[in-house]
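**Student:** The following block contains the structure, expressed as structure tokens.
Computed from the coordinates by the stated procedures, all read-outs in this text should not be read as laboratory data. For clarity, every value in this text was computed on a predicted model and none was experimentally measured. No Cβ is skipped: glycine too gets one built from the backbone with ideal geometry, and neighbour counts run over all protein chains shown.
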Amino acid sequence: MTRTSSITTLLLIVLAIYWSFRALMPTYEADASVSKTSFSTDRALKHVQQMSQKPHAVGFSGHSEVREYIITELEKMGLETSLQQGYTAGDWGNLSKAINILARIKGSESGKALLLLSHYDSSPHSSFGASDAASGVATILEGIRAFLATNTTPKNDIIILITDAEELGLNGADVFVNNHSWKKDVGLVLNFEARGSGGPSYMLIETNRGNATLIKEFTKANPEYPVANSLAYSIYKELPNDTDLTVFREDGDIEGFNFAFIDDHFDYHTANDTHDRLDKKTLAHQGSYLMPLLNHFSEIDLTNLKSLNDSIYFNVPFFKLVSYPNEWVWPMYGLAVLCFLVLLFYGFKRKTLQINQIAKAFIPMLMTLLITGVVGYFGWSFLKWMYPAYKDMLHKFTYNGHTYIFAFVFFAIGVCFWVYNRFNKVKPANLIVPPLLIWLLICGLLNHYLIGASFFIIPVFALIASFMVLINQKKPNVFLMTFLALPALFMFAPFVKMFPVGLGLEMLLATTLFTTLIFLLLLPVVGFYRKKRRLAFFIFLLFLGCMISAHLNSGFDKENPKPSSLLYVLDANSNTAKWATYENSLSNWTRPFLSTDKKRAEILSDKTISSKYSSGFTYVAKAPLKEIAPMQLLKTKDTIIENSRFINLSVTPKRSINRLEIFTATTLEAATVNDIALSEHFLKNRRYGKLITHYVSDNDSTVLQLQFPKDSILELTIYEASNDLLTNKNFSIPQRPEDNIPMPFILNDAILVTKTVRFE
């Protein structure tokens, strides 16, 4: 290959990779003056700004303000709103009073209704909730406004449901699905969510049956920038990241689509989830989904969306969403294997292929997979060892996380070029055989264990075509080889980024291995490069540059603040107090309060208030006693009937609190909290002995009705928390510095009172 051809094809490969990302989402242009019948990102942004002025979790002052804003905006459009409220504990044992907002646009026919869904509560206690999920609410508000401006009467009713207490356990959705009369009218749900503050919005289907009809109708709606694949859906089903839509599917057998963005994951559930940090292109992407889907699904029959069959689907530039039936999976795989075997036989017959050359070709492939796999596997552990403060980013995605992804990609490519440079004497046709074998093996395993990823076979067909050309031509057209490499680049390049962005930097293994496997698919092109060693050297320099850049940005500042935590823990039984933190690397703000003796923290963490990632206290220190009013416990019933003992207990706060949590190791036969019965399944499978978490509104009491074996001793450990440590008049805690934010997913900035009671 000539130097010009090498440079040109390399530039084409880089351009294809760029386009694989560029085609995922729209660009942003100021559009405040766009037609009233069109979706305006700027108008939606104004809603986001208004709803993210302050944290607005359930029980916080901003919560009711956001609710009133949404009601006002819906009524400005001429819609009649209603509120639905009720207690529920959901499936997670998280009790709260949810207040849902509803409105309805009447259709011309009496079929099933289309429901637009998002939630208005933010995560406790410091998140401003701009992305999660003011962006979803704003998308619906602006989309409905634009739809109504057309003066079109839809065939189907359109229900707008803005739920409450999603962050606490999907409680608002639970209240609607299991208690509201409109639930029976719903035929399809469009749910808008967020798990970051940027990047493309992924479409994920929720269905109890097959997805074939849903995919067919989604394709007919023709959104401009669909980002969806059956692999993501298969993985999503295995993860515990439920949304409100999950309640509709599980409790109501109602299907729907989730639209959620996950990039810039470090902002998720933090004080950085603000209007300014929300990517405008991302909000535009949400709007590009809503409008065509709203127009399509408000006009078709929503009673015929269920299907027993699944489809394999994926997005690709120029073709948008491609799909085909699951029934094609094994025939396509069989055809690929057959083509490979025929070409293998033909290659040996032509003497283009030689056994010894193929054997040598296995060496570089296995070496690259081994080296990049080992580095990727230990990459996150190494980074945490180098930078201990990374452990305090519970998202496992650091502010410089994208730089690390680039670094590990460059490392994997550099290794590939360096290793394959040492095997230049292996003829290209022979060099392709091991990659074809490994890819066919991978596709076979995916077909069996993760069928949603079976579309991986399509770039393998392109590699088989390249293999055929190489068998017949010693000097094939390099541009033809580059063209045949495009499916691998268009389809797989975004996955290199998606896994660590969505699942954290501990998934750098997926980045390095995926990069290596893509390189193997590109061997019909890059295998002809004569200067692989120079390319390897250049790419290793890029790797080094990324690592230096990441190092220089590994600290924290105002734009990228360090998560920190501080709690005051008062043991009401012993009348002793401690300072406590969840930080692994103490910030300058928390260090003056805390000891570095971790053993003392382990004792306090033995029964700690629950957190998303099961985090425990890391450091504690003795604290001065303060006058904190403990909760009041009142036993209103204690009786034995046959073999069971029944105790009713009321826990009433004597100060303003946000959260009350109760643990018990006692086996319970039945339990009711604030007239909400906890399911038998939950009682048998309680994690860490948790009985209930009550996210308190209006300083309500927690009323327990417990039934347990009469010979048992009931012991309850009660944690009562208020998020007012920094504002409580009993304390003089300095304000957090600008380079710190409250650590998410845990109890923070809190005064925690613990009390253990026994009923013998």
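**Student:** Using the beta-carbon distance between Phe461 and Ile733 and R0 = 51 Å, what value does 1/(1 + (r/R0)^6) give for FRET efficiency, to the nearest 0.05? Provide the component values of the computation, followed by the final result.
**Tutor:** Values: r = 63 Å, r/R0 = 1.24.
Working from the Cβ atoms, E equals 0.20.
**Student:** Report for segment 27-316 the percent antiparallel among DSSP-assigned beta bridges with both residues inside it, nearest 5. It would help to have the intermediate numbers written out before the result.
**Tutor:** Numbers: 22 of 39 bridges.
Here the antiparallel bridges make up roughly 55 percent for segment 27-316.
**Student:** Applying the Karplus parametrisation 6.51 cos²θ - 1.76 cosθ + 1.60 with θ = phi - 60° to the phi angles of segment 739-752, what ³J(HN,Hα) value in whole Hz is obtained for each residue in order, glycine and proline being reported as x?
**Tutor:** Once rounded to whole Hz, the list reads 8, 10, 9, x, 5, x, 6, 10, 6, 8, 6, 10, 9, 10.
**Student:** Across segment 490-500, in residue order, what do the Karplus-derived ³J(HN,Hα) couplings come to in whole Hz, using 6.51 cos²θ - 1.76 cosθ + 1.60 with θ = phi - 60° and x for Gly and Pro?
**Tutor:** 5, 8, 9, 3, x, 5, 4, 8, 4, 5, x
**Student:** Starting from 0.36 nm per residue, how many nanometres of slack lie between Tyr449 and Ser61 once their C-alpha separation is accounted for? Intermediate values should be presented prior to the final figure.
**Tutor:** On the way: separation 388, 0.36 × 388 = 139.68 nm, distance 4.81 nm.
Working it through step by step, the gained length comes to 134.9 nm.
**Student:** Okay, next question. Once both labels are modelled 7 Å past Cα along the beta-carbon direction, what's the Ala677-Asn584 spacing in nm?
**Tutor:** 4.4
**Student:** In addition: Under a plain spin-label model, where a point goes 7 Å from the Cα along Cα-to-Cβ, how far apart in nm are Asp276 and Arg591?
**Tutor:** 2.7
**Student:** Also, quick follow-up: How much net charge surrounds Gly86 when only other residues with a Cβ under 11 Å from its Cβ are counted (Lys, Arg +1; Asp, Glu -1)? Mind showing how you got there, number by number?
**Tutor:** On the way: positive: Lys97; negative: Asp164, Asp174, Asp675.
Net charge in that neighbourhood comes out at -2.
**Student:** Here is a follow-up. Once the piece of chain linking Tyr377 and Gln632 is laid out straight, how much longer is it, given 0.36 nm per residue of separation minus the C-alpha distance between them?
**Tutor:** Numbers: separation 255, 0.36 × 255 = 91.80 nm, distance 5.11 nm.
This chain segment gains 86.7 nm when fully extended.
**Student:** Next question, about the same structure. Which order do peptides 731-741, 205-215 fall in by mean Cβ count within 10 Å, highest first?
**Tutor:** Values: 731-741: 14.3, 205-215: 20.0.
The most tightly packed comes first, giving 205-215, 731-741.
**Student:** Rounding to the nearest 10 and keeping the result within 0 to 90°, find how far the Cα-based axis of helix 280-297 lies from the longest principal axis of the chain.
**Tutor:** Its long axis makes an angle of about 90 degrees.
**Student:** Between the helical axis of 329-350 and the dominant principal axis of the chain, each derived from Cα atoms, what acute angle in degrees is found, rounded to the nearest 10?
**Tutor:** 30
**Student:** Order these peptides, 455-467, 278-290, by their mean beta-carbon neighbour count within 10 angstrom, highest first.
**Tutor:** Numbers: 455-467: 22.0, 278-290: 23.9.
Descending packing order for the listed peptides: 278-290, 455-467.
**Student:** So, R0 is 22 Å and r is the distance between the beta-carbons of Lys320 and Val14; what FRET efficiency does that work out to, to 0.05? Mind showing how you got there, number by number?
**Tutor:** On the way: r = 23 Å, r/R0 = 1.06.
FRET efficiency, Lys320 to Val14: 0.40.
**Student:** When the helix-only estimate is applied to the chain (DSSP H runs of n ≥ 4, each -39,500 (n - 2.57), divided by the residue count), what is the mean residue ellipticity at 222 nm, nearest 500 deg cm²/dmol? Working shown, then result.
**Tutor:** Working: 21 runs with 311 residues, N = 760.
Result for the chain: -13500 deg cm²/dmol, rounded to the nearest 500.
**Student:** Next up: Using 1/(1 + (r/R0)^6) with R0 = 41 angstrom and r between the beta carbons of Ser712 and Lys237, what's the FRET efficiency to the nearest 0.05?
**Tutor:** Working: r = 39 Å, r/R0 = 0.94.
Efficiency, rounded to the nearest 0.05: 0.60.
**Student:** While we're here: Return the Rg/Rh value of the chain, two decimal places, where both radii are evaluated on C-alpha atoms and Rh is the Kirkwood radius.
**Tutor:** Details: Rg = 28.8 Å, Rh = 28.5 Å.
Reported Rg/Rh (Cα atoms, Kirkwood Rh): 1.01.
**Student:** Answer rounded, prolate or oblate for segment 451-560, using the Cα gyration tensor with square roots of eigenvalues a ≥ b ≥ c: rounded when a/c is under 1.5, else prolate when a/b is larger than b/c, else oblate. Don't jump to the answer; show the numbers that get you there.
**Tutor:** On the way: a/c = 3.55, a/b = 1.62, b/c = 2.19.
Oblate, since a/c reaches 1.5 and b/c is not below a/b.
**Student:** Restricting the count to DSSP beta bridges whose residues both fall in the chain, what percent are antiparallel, rounded to a multiple of 5?
**Tutor:** On the way: 79 of 106 bridges.
Antiparallel bridges: around 75 percent, rounded to the nearest 5.
**Student:** Which of Cys339, Cys546, Cys416 comes first, and how do the rest follow, when ranked by fewest Cβ neighbours within 10 Å? Don't jump to the answer; show the numbers that get you there.
**Tutor:** Working: Cys339 17, Cys546 21, Cys416 29.
Fewest-to-most ranking of Cys339, Cys546, Cys416: Cys339, Cys546, Cys416.
**Student:** Rounded, prolate or oblate, given the Cα gyration tensor of segment 27-316, with a/c below 1.5 counting as rounded? All intermediate terms of the calculation are to be shown ahead of the outcome.
**Tutor:** Working: a/c = 1.18, a/b = 1.13, b/c = 1.05.
Here segment 27-316 falls in the rounded category.
**Student:** Using θ = phi - 60° and the Karplus relation 6.51 cos²θ - 1.76 cosθ + 1.60, list the HN-Hα couplings for segment 438-446 in order, rounded to whole Hz, with x at every Gly or Pro.
**Tutor:** Those phi angles translate into 5, 5, 5, 5, 4, 5, x, 5, 5 Hz.
**Student:** Here is a further query. Give the angle, between 0 and 90 degrees and rounded to the nearest 10, that separates the Cα long axis of helix 355-386 from the longest principal axis of the Cα atoms of the chain.
**Tutor:** So the inclination is approximately 30 degrees.
**Student:** OK, next. Could you rank the peptides 189-195, 302-308 by their average count of other C-beta atoms within 10 Å per residue, with the highest value first?
**Tutor:** Working: 189-195: 26.3, 302-308: 15.1.
Descending packing order for the listed peptides: 189-195, 302-308.
**Student:** Here's another thing I want to ask about it. Compute the length gained on full extension between Lys349 and Leu480: take 0.36 nm times their separation in residues and subtract their Cα-Cα distance, giving the result in nm to one decimal.
**Tutor:** Numbers: separation 131, 0.36 × 131 = 47.16 nm, distance 2.46 nm.
44.7 nm is the gain from fully extending Lys349 to Leu480.
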